[in-house]
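Enquirer: Take this structure first; my questions come after.
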Protein chains: 2
Amino acid sequence: MHDEAAEKAETARAAAPRRRLTPAERLPQILEAALEEFSESGYGGASMAGAAARAGVAKGLIYHYFPGKAELFTAVVRSCIQPVFTEAEKLVAAHAGSNADLLRQLIGLAYRRVGEDLRDGVLFKLLLAEADRFPELADFYQREVLSRGLALVAGVVRAGIAAGEFRPDAADQPGLAAVLMAPVAMSSVWRGMLGPDRAPSPEAMCEAQVALVLNGLARPAPG
Amino acid sequence: MHDEAAEKAETARAAAPRRRLTPAERLPQILEAALEEFSESGYGGASMAGAAARAGVAKGLIYHYFPGKAELFTAVVRSCIQPVFTEAEKLVAAHAGSNADLLRQLIGLAYRRVGEDLRDGVLFKLLLAEADRFPELADFYQREVLSRGLALVAGVVRAGIAAGEFRPDAADQPGLAAVLMAPVAMSSVWRGMLGPDRAPSPEAMCEAQVALVLNGLARPAPG
DNA sequence: TCAGTTATTGACCATTCGGTCGGTAAGCAA
DNA sequence: TTGCTTACCGACCGAATGGTCAATAACTGA
């Protein structure tokens with residue numbers, strides 16, 4: 001594949017003298033380079049040689065760190081998706097105010113995260129695309145991303161109902177958490193595929209969703 | 001690639017005597033076969049030989065109908081995504097009742113569509129994944145899917161506000177249509193990547209979203 | 001029946017890719 | 001210094017892929 005960007009990145013980074021590094025130094029370089037390569041070319045289109053070149057490293061070295069392409073890919077995904085959720089869970093654990101406010105903050109945090117780093121979105125999109133061909137990856141997504149996110153949202157909703165903030169019948173809607181999560185996820189996907197300019201604005205979506213959700217969950221006014 | 005399913009499909013279909021067909025007959029066969037191939041293997045992983053085998057046809061024939069792999073892919077996408085929107089637009093045009101009811105019907109239609117045909121979801125997922133590498137495809141998606149869907153939803157919301165059904169301040173939220181569309185799209189993506197069993201149930205999401213949206217858009221009760 | 005058109009084939013080519021392997025040298029311990 | 005471990009290289013291989021092309025056989029109209 002003749003790829004300008006990859007080529008330039010290669011020559012730029014390969015120009016640095018090749019030193020022997022400790023695995024703790026080299027691994028992040030390889031993961032970062034692989035992320036670029038996978039993001040730009042997809043799983044099938046990405047080449048080990050390309051990833052190696054981006055890292056300024058010989059192809060063989062990657063096989064010193066990973067058994068094969070598939071394992072490299074899963075490692076890249078793992079290293080990227082985790083931080084978001086730990087951050088969100090920390091927010092929930094630390095929050096003290098109303099559940100409506102917590103939900104607003106949670107939604108805001110998620111959209112901000114989508115808005116700032118484009119690569120996350122690209123990788124998320126890539127993950128979606130490849131999950132069904134990597135059972136291990138689909139398991140990972142379901143366990144570490146989807147279930148975790150749904151549990152987080154559902155917990156806040158449940159607490160809000162218990163506190164009398166939200167309409168009680170929301171407790172009987174098992175699909176509610178997914179409906180609340182989906183816009184953020186989709187915002188990320190849209191940005192990944194269309195770019196920041198043509199995709200619906202995360203800020204606008206955030207505002208609209210917060211308004212919709214807080215109204216939609218509010219207890220009906222008496223009368 | 002050694003693929004059991006593809007192999008079986010091949011032998012099964014190739015057993016039929018090879019006849020000369022008119023392009024109008026052969027084209028759908030090739031598109032259908034290519035859809036299967038792309039769905040199962042992604043763009044990079046799909047092979048022209050595989051698609052040809054599934055269609056029970058020699059590889060060369062595909063090049064008689066399409067200039068190359070990229071064009072075949074875009075043709076497959078085009079032929080699949082269109083019908084949903086024409087159906088939805090027909091529904092809107094024909095509807096006579098309240099806008100709240102129209103919105104409910106629209107959401108229901110979209111989720112039903114997602115629930116019944118799995119291949120649509122898989123292809124949609126594939127489209128998301130490959131769009132940024134095919135500018136023409138990204139344009140197509142933005143023009144024929146996203147914009148059209150957003151316009152459809154926004155129109156109903158606007159009409160509902162004008163009719164006094166929905167809260168007037170919803171008119172000031174440009175991200176609202178995207179928020180309303182996203183759960184359906186995401187439901188499709190989730191089913192495509194996790195399968196019908198592990199993905200959030202479209203029926204449950206539909207019910208929750210309808211309830212949330214109709215409450216969230218309703219005019220605040222006086223008092 | 002015959003010529004012209006074209007749907008269809010399958011062998012073939014150049015290229016690329018994932019993965020292997022023997023070898024090199026840098027760091028470290030003794 | 002010596003010797004062991006291991007990060008690192010880069011040439012190499014078999015397999016698979018996208019794409020080509022000359023040959024063929026099935027339709028069509030005259």
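The values are calculated or read from the model by the stated rules, or taken from the named source; none is laboratory data. It should be emphasised that the depicted structure is a prediction, and the values quoted were computed from it without experimental measurement. All Cβ positions, even for glycine, are placed from backbone atoms using ideal geometry, and neighbour counts span all protein chains on display. When the accessible area is computed, the model is the full protein with side chains, heavy atoms only, and any ligands, DNA or RNA have been set aside. Shrake-Rupley method; radii C 1.70, N 1.55, O 1.52, S 1.80 Å.
Enquirer: Using a simple charge model, +1 on the beta-carbon of Lys and Arg, -1 on the beta-carbon of Asp and Glu, nothing else, what dipole does the range A:78-217 show about its Cα centre, in debye to the nearest 20? Mind dumping the intermediate values first?
Expert: On the way: 14 positive and 17 negative charges, 20 e Å.
With Lys and Arg at +1 and Asp and Glu at -1, about 100 debye.
Enquirer: Can you pull the mean other chain C-beta count within 10 Å for peptide A:199-212? Write out the running numbers ahead of the final one.
Expert: On the way: counts 3, 9, 3, 2, 2, 7, 8, 2, 6, 11, 8, 3, 10, 12.
Taking the mean over all residues of the peptide, I get 6.
Enquirer: Same structure again: In the range B:10-110, what trypsin sites (Lys or Arg not before Pro) fall in a loop by DSSP, with at most 11 other Cβ atoms inside 10 Å?
Expert: Loop-located and lightly packed - B:ARG18, B:ARG19, B:ARG20.
Enquirer: May I pose another question? Would you mind checking the tilt of helix A:176-198 against the longest principal axis of the Cα atoms of chain A, expressed as 0 to 90 degrees and rounded to 10?
Expert: Relative to chain A, helix A:176-198 is tipped by roughly 40 degrees.
Enquirer: OK, next. Using a label point 7 angstrom from Cα along Cα-to-C-beta, what distances in nm, from shortest up, separate A:GLU136 from the other copies?
Expert: Label-point distances to the other copies, shortest first: 3.8 nm.
Enquirer: What does the extension gain come out to for A:ARG219 and A:THR22, with contour length at 0.36 nm per residue minus their alpha carbon separation?
Expert: Result for the pair: 65.1 nm of gain on full extension.
Enquirer: Also, I was wondering about something else. Averaged across the residues of B:183-195, what count of C-beta atoms belonging to other chains lies within 10 Å of each residue's C-beta?
Expert: Values: counts 9, 3, 6, 11, 5, 0, 8, 9, 0, 4, 12, 8, 4.
The shielding value for this peptide is 6.
Enquirer: Leaving out ligands, DNA and RNA, what percent of the accessible area of chain A is carbon and sulfur, probe 1.4 Å?
Expert: 56 percent
Enquirer: For B:ASP172, go 7 angstrom from Cα along the Cα-to-Cβ vector, then report the distances to that same point in the other copies in nm, smallest first.
Expert: Sorted ascending, the copy-to-copy spacings read 3.5 nm.
Enquirer: Roughly what % of Cα-Cα distances in the range B:78-217 sit above 26 Å, to the whole percent?
Expert: 23 percent
Enquirer: Okay, next question. Mind pulling the angle between the C-alpha long axis of helix A:4-14 and the longest principal axis of chain A? Nearest 10 degrees, somewhere in 0 to 90.
Expert: 70 degrees
Enquirer: While we're on this one: Residues of the range A:127-155 with amide nitrogen under 17 Å from the 7 Å Cα-to-Cβ point of A:ALA171?
Expert: A:154-155, by backbone N distance to the label point.
Enquirer: Separate question: Across the protein assembly as shown, how many lysine pairs, 8 or more apart or on two chains, come within less than 21 Å at their alpha-carbon atoms?
Expert: Lysine pairs, 8 or more places apart or on different chains, close enough: 7.
Enquirer: For the range A:100-133 and the range A:38-61, what is the separation of their C-alpha centers, rounded to whole Å?
Expert: The range A:100-133 and the range A:38-61 have Cα centres separated by 25 Å.
Enquirer: Relative to the longest principal axis of chain B, what angle (0 to 90°, nearest 10) does the C-alpha long axis of helix B:69-94 take?
Expert: 30 degrees
Enquirer: Can I ask one more? Can you give the Rg/Rh ratio of the protein assembly as shown, where Rg is from the C-alpha atoms and Rh is the Kirkwood radius?
Expert: Values: Rg = 23.7 Å, Rh = 23.6 Å.
Rg/Rh for the protein assembly as shown comes to 1.00.
Enquirer: B:PHE166's amide H: which non-local residues (gap 5+, or another chain) put their own amide H closer than 5 Å, with H modeled 1.01 Å from N in plane and none for Pro or chain starts?
Expert: Amide H neighbours of B:PHE166: B:ILE161.
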